[in-house]
1. Could you tell me whether the chain comes out rounded, prolate or oblate from its Cα gyration tensor? Rule is a ≥ b ≥ c as square roots of the eigenvalues, rounded for a/c under 1.5, then prolate if a/b exceeds b/c, otherwise oblate.
2. To the nearest 20 debye, what charge dipole does region 9-210 have about its Cα centre, counting +1 at the Cβ of each Lys and Arg and -1 at the Cβ of each Asp and Glu?
3. Subtracting the Cα-Cα distance from 0.36 nm times the residue separation, let me have the gained length for His32 to Glu101 in nm, one decimal.
4. Under 22 Å between alpha carbons: how many lysine pairs meet that in the chain, if sequence neighbours fewer than 8 apart on the same chain are excluded?
5. Based on other C-beta atoms within 10 Å, arrange Met40, Met1, Met76, Met153 from fewest to most.
6. How would you rank 154-161, 68-75, 57-64, highest first, on the average number of other Cβ atoms within 10 Å across their residues?
7. Please give the FRET efficiency for Glu10 paired with Ser151, using the beta carbon to beta carbon distance and R0 = 35 Å, rounded to the nearest 0.05.
8. What net charge is computed for the residues neighbouring Gly157, neighbours being all others with C-beta under 15 Å from the C-beta of Gly157, Lys and Arg scored +1, Asp and Glu -1?
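Since every read-out is calculated from the coordinates, none of them should be taken as a lab result. Since the structure is predicted, the reported quantities are computational estimates derived from the model, not experimental observations. Methodologically, a virtual Cβ is constructed for each residue, glycine included, from the backbone with ideal geometry; neighbour enumeration extends over all protein chains shown.
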Amino acid sequence: MKPLTLPGIEPYAHEHTHAEPDYLEALERRTHAEMKQPQMLTGRIEGRLLKLVVAMVQPRLVVEVGTFTGYSALSMAEGLPPGGRILTCEIDPVAQRVAQEAIEASPFAGQVEIRPGPALATIESIDEPIDLAFIDADKTGYLAYYEAILSRMPAGGVILLDNMLWSGRVLEPGDEDTRALAELNDRIARDDRVENVLLTVRDGIQLVRKR
Ligand SMILES: C[S@@+](CC[C@H](N)C(=O)[O-])C[C@H]1O[C@@H](n2cnc3c(N)ncnc32)[C@H](O)[C@@H]1O
């Protein structure tokens with residue numbers, strides 16, 4: 001991922017952000033040692049942001065699209081209110097196995113549940129209100145995830161979407177993934193059902209709240 005900020009700023013922000021718990025540091029090390037695309041893991045800055053947003057919104061149900069090895073799901077779990085839970089969607093069996101082990105090694109085994117298979121089918125099977133969602137999977141699927149989640153969300157619900165600046169490529173969309181992200185940024189900015197801010201944190205995070 002190409003840095004969007006001045007050289008040295010990302011490490012500076014990392015050093016000046018609270019550290020994650022030991023089991024998340026261990027998960028990051030394991031992900032780098034064992035997984036093919038370890039850079040997909042969100043990491044400290046985005047993980048702490050997700051935890052803070054969850055702690056502020058106090059959702060009863062969180063849906064995550066794209067578990068990978070479980071780092072972002074377990075970061076969000078730290079902010080859950082009592083009785084709150086996370087359903088996290090993952091299609092890759094290898095990632096599911098690593099994430100399941102990480103969940104069991106954390107204090108949140110009873111609150112975080114992996115839903116295997118394609119995320120859209122999982123979202124469409126949910127028949128209770130989704131209070132908060134984090135979308136971080138296949139980029140061409142984002143629009144369908146956004147719509148399916150928004151239609152299941154009460155007023156005040158929050159959606160965060162990762163990689164919405166895509167290393168800056170959204171400025172000149174030249175491929176299918178970039179076009180999908182740029183078109184969704186345009187759509188969210190015009191969407192009267194929500195208010196939003198496109199944060200220039202890490203690879204760009206859309207922070208969206210349903211009116
Ligand atoms: C960028 S990674 C997620 C990173 C994770 N949020 C973290 O912080 O560690 C994207 C994940 O989405 C999964 N994925 C891709 N397409 C999917 C789909 N249609 N349904 C469910 N998961 C999918 C991939 O297998 C991959 O593990």
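1. In terms of gyration-tensor shape, rounded.
2. The calculation lands at about 320 debye.
3. So the extension gain works out to 23.3 nm.
4. Summing the qualifying lysine pairs gives 5.
5. Ranking Met40, Met1, Met76, Met153 by Cβ neighbours within 10 Å, fewest first, gives Met1, Met40, Met153, Met76.
6. Numbers: 154-161: 18.1, 68-75: 26.9, 57-64: 20.9.
Ranking the peptides 154-161, 68-75, 57-64 by packing returns 68-75, 57-64, 154-161.
7. Values: r = 36 Å, r/R0 = 1.02.
According to the calculation, E is roughly 0.45.
8. Values: positive: Arg60, Arg152, Arg193, Arg209, Lys210, Arg211; negative: Glu64, Glu128, Asp131, Glu147, Asp191, Glu195.
Once all neighbours under 15 Å are counted, the net charge is 0.
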